[in-house]
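Only one structure is covered here, and it is reproduced in the block below.
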Amino acid sequence: MKKPRLSSWAEKQSWIGGKDHTKLADARMSSAAIRTLSICRGVPLLRSLRSRHVNLQTAALLPPRGSARDSLPRRNCTRQIVDVIRPEFPADKLLICEVYTPSGNWSSYPPHKHDVHNPPVEVDLDETYYYRISKPEGYAFQRLYDAAGTRDDTLTVVDGDLVLIKDGYHPVVAAHGYDVYYLNVLAGSARSMAASDDPRYAHLRKTRLERDPRVPLVRAERSEASSYCEGC
C-alpha cells in the first residue's frame, strides 16, 4: 500500500496504515534486547498486536472526544496525552492512549516500568509504541533498560516504527525539530495504568515547572469521559 502524502500534522497522526510488508529490524539490538522487545518497520497496527494479553475478537467505534493533558514535570518534559480506552472502559484487557511530544522534549519520563503484578503500586502490562513523526526525516530515541542492570539498549525510531515492550523502563526523547506522536496499546494482569518510576529519577516527578507553551499540539473537545494517562 502506497503511503499517502500528508499535508498536516493532524492528517499525519490520523493515518495509521503502513507499508505492505513486515520486517523485523533487529540489527541494532543485542540478543538480550530482542528477547524482550521488537521493533517493526511499516507493519499495519492490528497485525502486530500479538501480545500474550490481547484477544482481538470484537470491535467498537470510539468517536473523537476527550481532553488533551500534559504530564509533570513539564518544561522540556511536557507532553500531551489523550485517552482512548481507559481502565473504566468496558473492555477485557485493552488500554489505549495517544501521546504527542513536542520536538526536543522528553516523554514517558521519569522512566517507569510496569512488569510486576503488585497493585496498586504496579501491574504487569505489555505495551506497544506505534510512532508517527511530523516530518519524514524525523526520529526519536527510546532507551530500554531493566531494573537489574542486565540490559540497556537505545533505539533510533522513525516514522511508522512499532516497538513492543515486555518489561523494563522505556523513556523517549524527540529529536529537535520533529514533533513525535505515539499510540500506546497496553494489556496485562489488570485494567490499570499503575507503574513504578526508576527510583534514581523518581524525585523529578515532584518538580513544578512551567508548561511548554507549544502544548497542546492538537486540540479535542472536552468530555467527561476523558482522563489522564499518567503511566504511558
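Some notes on this structure:
- Förster radius 30 Å - calculated FRET efficiency between THR154 and HIS117, Cβ distance, rounded to 0.05: 0.60
- Alpha-carbon centroid distance for the pair region 69-123 / region 133-182, whole angstrom: 14
- Environment charge of TYR100, counting only residues whose C-beta is closer than 9 Å and scoring Lys/Arg +1, Asp/Glu -1: -1
- Share of pairwise Cα separations in region 119-204, more than 15 Å, in percent: 63
- Debye equation applied to the C-alpha atoms of region 98-145, log10 I(q)/I(0) at 0.17, 0.22, 0.30 Å⁻¹: -0.66, -0.95, -1.33
- Loop-located GluC sites (Glu not before Pro) in region 111-159, at most 15 other Cβ atoms within 10 Å (DSSP): GLU137
- Environment charge at PRO111 (Cβ cut-off 10 Å; Lys +1, Arg +1, Asp -1, Glu -1): +1
- Sorted into 5 angstrom bins from 0, the C-alpha pair distances of region 71-181 split as 2, 11, 19, 24, 21, 14, 7, 1, 0 percent.
Values in this text are rule-based calculations from the coordinates and carry no lab data. Here the structure is a predicted model, which is why all the values come from computation and not from measurement. For neighbour counting, all protein chains shown are included, and Cβ atoms are generated from backbone atoms with ideal geometry for every residue, glycine included.
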